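The values are calculated or read from the model by the stated rules, or taken from the named source; none is laboratory data. No experiment lies behind these values; they were computed from the predicted model shown. All Cβ positions, even for glycine, are placed from backbone atoms using ideal geometry, and neighbour counts span all protein chains on display. Note: accessible area is taken over every heavy atom of the protein model, side chains too, but ligands, DNA and RNA are not part of it. Shrake-Rupley method; radii C 1.70, N 1.55, O 1.52, S 1.80 Å.
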Amino acid sequence: MAHRIFTLLETAQHELLLFSAIFLLLGGLDALCIDAVWIARRVYRRWRFYRLTPPLRAHQLPMPSNDGLLAIFVPAWGEAAVIGTMLQHCTRQWHNSGCRHRIYVGCYPNDPQSAAAVIGAARSNMHIQLVFVRHDGPTTKADCLNRLWHALLADEIAGGFKAKAIVLHDAEDAVHADELHVFNCLVLKGGAVQLPVIPVRTAHSTWISGHYCDEFSDAHGKNMVVREALGAPLPLAGVACAIDRNLMARMAMLNNGLPFDPNSLTEDYELGIRIGSVGGRTIMARVLDSDGRLVATRACFPDTLTASVRQKTRWLIGIALAGWDRIGWRGNLAQKWMLLQDRKSIFAAVVIVAAYICIFLSAILNGAQLLGAYQPAPFPASLILLLWLNLAFLLWRLGVRASFVAAIYGPKEAFISVPRSLISNIIAIMAARRACTAYVRHCLGAPLKWDKTTHHTVPEILAGRN
């Protein structure tokens, strides 16, 4: 009986091992292609443009000939713990920016605590304007942003002006002093500008909140840069991004006057893809300030497993599942390749689960072999070669990610990023399961719900070197 059980386990191990090894190899080759494009672009730009002079820093960017108001949109539902601190930080950072700006903060009638925090911050900053959504919350973030858009239109009519760009931020963001200047200089060159987002991990959550440091270092240091190099639309992060006001108006005209789709769980992602469809392009602006630090927005991300899985679930539903239905596979080959990068996460979670089950089964079979209870058959030479190739790709990917983490956070955090990849995989698996369950229910008639992340901290102290 025991021999039959071990035989079944060995059969399952071989099948899962072959399945996971093949798709891990394909994933490794795909990631290597992304890395190759990034390396080629970096080498070309260094040779072509920066052999004699370094890249321009934020204060060296040529001032645009046309100036205008930058309207900052900040949606706030249940953000009393952070919105006041965030707005006070904006006041300190931007008081000498030299850019005309106005901060529109969207609150709900049934959330007086957030509104009171906004009013308190507005006492010391005339550029802050409280805007109430006309119905109780919570609704989707996109619904709140649409209300802010209409508030801006009303101000334009009353004041006889037209804004230059719309800037998006969340209530927990710590903005950079040079942000508005960078937006003012670059936004009309393409239609939209995205600055990097730098997660700041909380002191008590090295593994959960820390894994966002690894993912965003890689995504905003490499993947978004590759998208721009290939001419594919860039998905916006929903924070630290600016959109040309006229471009925003064109997108609103295509959606019954609403630039943001209130039925979307990831309106920022879809907005970035739609910018390309109306003739705009997004610049991934990685610019240093005069001190050599990256002009970026810093924010604290979820620091508990439950909160992180909930947030990743919303991202997976909006991007990998509902996004497939809503956006399809439009665009050229480069854009389709980038859409595949966004949507493969669900299947990647399945492959990772299969690989972990293989490791577990291998441990059982090896234990049985050591005890003399069972003798597994040796792996074919082709499978062994496949495993060695996957190991090489794994080490390469971990090394590449660690290098991007080191560039922002230093060598200690880069070292931790290697074992932290296991935590990232576990969160991805749990989020994929919840996302698939919720989406199946949606397909059966249940509405998709906005599972909002709760924010507690605004990281005012800059974390990282550049």
How do 286-296, 154-164, 76-86 rank on mean C-beta neighbours within 10 Å, highest first? 76-86, 286-296, 154-164
So how much slack lies between D136 and L394, counting 0.36 nm per residue of separation and subtracting their Cα-Cα distance, in nm? 88.0 nm
Expected unfolding gain across I39-T457 under the 0.36 nm per residue rule, minus the alpha-carbon gap, is 146.9 nm
Per the 1/(1 + (r/R0)^6) rule, R0 = 35 Å and r from the Cβ atoms of Q113 and L26, FRET efficiency to 0.05 is 0.10
To the nearest Å, what is the center-to-center distance of the stretch 289-357 and the stretch 57-78, using C-alpha atoms only? 27
Apportionment of accessible area to carbon and sulfur, the chain, percent (1.4 Å): 63
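Determine the per residue accessible area of the chain with all protein chains present and a 1.4 angstrom probe, expressed in square angstrom. If you can, show how the numbers build up before the last one.
Details: 21680 Å² over 466 residues.
Per residue, the chain has an accessible area of 47 Å².
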Residues whose placed amide H lies under 5 Å from that of F132, excluding near-sequence neighbours: C107
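Order 331-339, 48-56 from most to least packed using the mean count of other Cβ atoms within 10 Å.
Numbers: 331-339: 16.4, 48-56: 9.1.
Going from most to least packed, we get 331-339, 48-56.
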As a quick test, which of the pairs K162/K189; K222/K344; K141/K312; K344/K452; K141/K344 have an alpha carbon distance above 22 angstrom in this structure? K344/K452; K141/K344
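Taking the Cβ-Cβ separation of S65 and S403 as r and a Förster radius of 35 Å, what is the calculated FRET efficiency to the nearest 0.05? Before the final figure, lay out the partial values.
Working: r = 39 Å, r/R0 = 1.12.
Calculated transfer efficiency: 0.35.
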Pseudo-spin-label distance F161 to M253, built 7 Å along Cα→Cβ, given in nm, is 2.4
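Compute the Cα gyration tensor for the stretch 356-466, then decide on rounded, prolate or oblate, letting a ≥ b ≥ c be the square roots of its eigenvalues: rounded whenever a/c is under 1.5, prolate when a/b is larger than b/c in the other cases, and oblate in all that remain.
oblate
Can you give me the span-like helices of the chain, meaning DSSP H runs with 24 Å or more of Cα extent along the axis and Kyte-Doolittle mean at or above 1.0? All intermediate terms of the calculation are to be shown ahead of the outcome.
Values: long enough: 2-48 (66 Å, 0.62); 141-159 (27 Å, 0.13); 345-370 (37 Å, 2.12); 381-409 (41 Å, 1.68); 411-443 (46 Å, 0.47).
Counting only whole DSSP H runs, the qualifying helices are 345-370, 381-409.
Antiparallel versus total DSSP beta bridges in the chain: what percent is that, nearest 5?
Numbers: 9 of 31 bridges.
Approximately 30 percent, going by the DSSP bridge assignments.
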